[in-house]
Amino acid sequence: MNKTTYIPCFKKKYSTDDFGTIQIRITTNRKSKYETLGEKIKEKYWNPEKKEVRKNHPEQERLNTLLETTINELKQINNVPETEIISDEKVSFIQFFKEQLEYLLIRKRLGSYKSQKTGYYHINNYLSSKGKPDLLFEEITPLLIRDFETYLKGKEVLNNSCIKYIKTFKSVYNQGVKLGIYQQKSDPFVLIKNKYSPVEKKTLKRIDIEKMFKTTFKEKDPLYNIKNYFLFQIFAQGIRVSDLLTLRWGNIKDGEINFYQLKTKSQHRIPFNDIIVLKIADYLPNRGLDVINFKFNFEVLDKNYSMTFKEIEDKYENVRSGNIQKVIEGDEVFIKKLESWFEVLNKHKELLVIHLILNIVKHSKLNPKKFIFPILDDEIFKDVDFTSEKYTLSKYQFNQMSSKTTVYNKYLKKLQEKCEIDVVLTSHLARHSYTSLMIESTDKDIYTISKSLGHANISTTQHYISEFLDERVFKENDKLNKTFKNIF
């Protein structure tokens, strides 16, 4: 029988690199392959003699535990003889599920941990309802899975959630089979059909967003910030709430926001626009008021003025408001006056934004490690390098983000009421609303929308926007039908 060895090692892409990845070299019959842990460290932290992470690395214990766990897992998957697979012994599925949750924590796969823990909770409640303290692998049959599904539906769990919990059940069960914990005789999930119910994607219309802009709050009102965050999400290309929370001043470079998306770990860039510049400027130490309150000196129709941008904006609105009839009638004096103020407005808006950007860039260079928006605690996340696609979060940090997102969504409901918007506001609604606006403004240009949303694959975007397009098809058909008259 061929012997297989599992040797921890450190590999660099280029010999001049300071960093490398922790890997396991698997050798059978003098042929080697490598399994990466997905963990990147500096070369100085690797002990080549002991083949482990040195004690001076801040996460030495976790990384070495992960190495040991992964090697044991690989041994079970790749090197367990057929005779060692357990088939008749009473093996607890619940105990194995607990161990899998611990394994996810060690590897800092916190999203998977949270999702699977919810599934574990529902399975345990189901067992309690049956008076069962445990569940063995051999007891998992098509009848039990069908009974579990019936239990969930009896608790009025939504269809899509039922499917999610059963998929978690199946995933953990299959992992046990793959690891040789249990020898499967037949598929207990054979009767389950994973057909998700369609979910309507709600979006805000332009009029709703305009309502939000016009609704004002005092600076001390919590909704002042909530409004800023939500509008920033929309106009920063539908940025996810996880990325809104974790943006740092150091992510601002060369007139754009450059960061790694927390969900996909892929790099994404968002160019500055007037709206997001104003929203970011509100979190400068002086809220950008030195620029916003600066008085510009200019001349309009041989008359000198000294005004802030807001005063220029108000003046233009006063000139324009209620005088549209003069434009229709061709009043040349009035039209010249309106055009002059419009030109002044645009020129000074551009100047205002340029000066705000300069202030933002200056502040970002001095405070690269601080979060832009005051939602998360800088101190709690000081050890997390969000500029690397390999960063991980501790359980406490992950829970902090979840908690802050929950609070944000709670306040969004209050913002909805104050702005008198019918659609229920959620943090993800900003992404949907941006997508809907882009479908309209780009004439359904899938590639542009995909790049804007930060999707890695066009297929993801096509799936994501399909329901928006369905709604557009229904509206266009309705519009077509109404063009035919005298149908009775």
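The values are calculated or read from the model by the stated rules, or taken from the named source; none is laboratory data. Here the structure is a predicted model, which means the values were calculated and not measured. Glycine also receives a Cβ, built like all others from the backbone with ideal geometry; neighbour counts cover every protein chain displayed. Note: accessible area is taken over every heavy atom of the protein model, side chains too, but ligands, DNA and RNA are not part of it. Shrake-Rupley method; radii C 1.70, N 1.55, O 1.52, S 1.80 Å.
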Exercise for the section: State whether one or more residues within the range 379-400 are open to solvent by less than 40 Å² (accessible area, probe 1.4 Å), part of a loop (DSSP other than H, G, I, E, B), aromatic (F, W, Y) and at pLDDT 80 or above. Expected result: yes
Practice task
Considering (1) crowded, with 18+ Cβ neighbours inside 10 Å; (2) more than 21 Å from the chain's Cα centre (by Cα), say which one I234 fails and leave the rest.
Solution key: (2)
Exercise for the section: Would you mention how many residues in the range 292-309 are open to solvent by less than 80 Å² (accessible area, probe 1.4 Å), over 44 Å from the mean Cα position of the chain (by Cα) and among the hydrophobic types (A, V, I, L, M, F, W, C)? Expected result: 2
Completion exercise
Counting only residues in the range 87-119 that are without any contact (Cβ under 8 Å) to a residue 40 or more places away in the chain and over 30 Å from K40 (Cα atoms), the one nearest to the chain's Cα centre (by Cα) is identified as Q95
Handout entry: Conditions (1) at pLDDT 90 or above; (2) closer than 26 Å to F298 by Cα: number failed by K370
Key = (2)
Practice task
Starting from residues that are over 17 Å from E210 (Cβ atoms) and of a type outside the set (A, V, I, L, M), keep the ones in the range 421-440 and report whichever is most open to solvent (accessible area, probe 1.4 Å).
Solution key: H428
Handout entry: Pairs, first closer than 13 Å to Y391 by Cβ and in contact (Cβ under 8 Å) with a residue 60 or more places away in the chain in the range 248-273, second outside any strand (DSSP E or B) and of a type in the set (F, W, Y), C-beta under 7 Å, six or more apart
Key = R248/F386; F259/F386; Y260/F386
Exercise for the section: Out of the residues in the range 324-342 that are within 19 Å of I312 (Cβ to Cβ) and touching a Leu at 6+ places or on another chain (Cβ under 8 Å), state the one that is surrounded by the fewest Cβ atoms within 10 Å (Cβ to Cβ). Expected result: K336
Handout entry: Every residue from the range 198-216 that is open to solvent by 100 Å² or more (accessible area, probe 1.4 Å) and β-branched (V, I, T)
Key = I207, T216
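Picking from I257, I276, I312, I280, which residue would you name as being modelled with pLDDT of 95 or more, in contact with a helix residue (DSSP H, G or I) (Cβ under 6 Å, 6 or more places away or on another chain) and open to solvent by less than 20 Å² (accessible area, probe 1.4 Å)?
Details: I257 fails: modelled with pLDDT of 95 or more; I276 fails: modelled with pLDDT of 95 or more; I312 fails: modelled with pLDDT of 95 or more.
Testing whether each residue is modelled with pLDDT of 95 or more, in contact with a helix residue (DSSP H, G or I) (Cβ under 6 Å, 6 or more places away or on another chain) and open to solvent by less than 20 Å² (accessible area, probe 1.4 Å) leaves just I280.
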Exercise for the section: Counting only residues that are under 30 Å from D243 (Cβ atoms), give me the helices (runs of 4 or more DSSP H) lying completely in the range 266-377 with at least 3 of them. Expected result: 274-281, 289-292, 332-366
Handout entry: Selection within the range 205-231 - of a type in the set (S, T, N, Q) and either under 16 Å from K410 (Cβ atoms) or over 23 Å from the mean Cα position of the chain (by Cα) (or both)
Key = T215, T216, N225
Fill in the blank from the handout: Selection from the range 24-73 of residues at negative phi, of a type in the set (K, R) and open to solvent by 70 Å² or more (accessible area, probe 1.4 Å) yields R25, K31, K33, K40, K42, K44, K50, R54, K55
Fill in the blank from the handout: Output for Cβ contacts, cut-off 7 Å, separation at least six or different chains, first residue without any contact (Cβ under 8 Å) to a residue 40 or more places away in the chain in the range 137-164, second among the charged types (D, E, K, R) and open to solvent by 40 Å² or more (accessible area, probe 1.4 Å), reads C162/E149; C162/K153
Exercise for the section: Kindly check whether there is at least one residue in the range 242-250 that is in a loop (DSSP other than H, G, I, E, B), open to solvent by 30 Å² or more (accessible area, probe 1.4 Å) and of a type outside the set (S, T, Y). Expected result: no
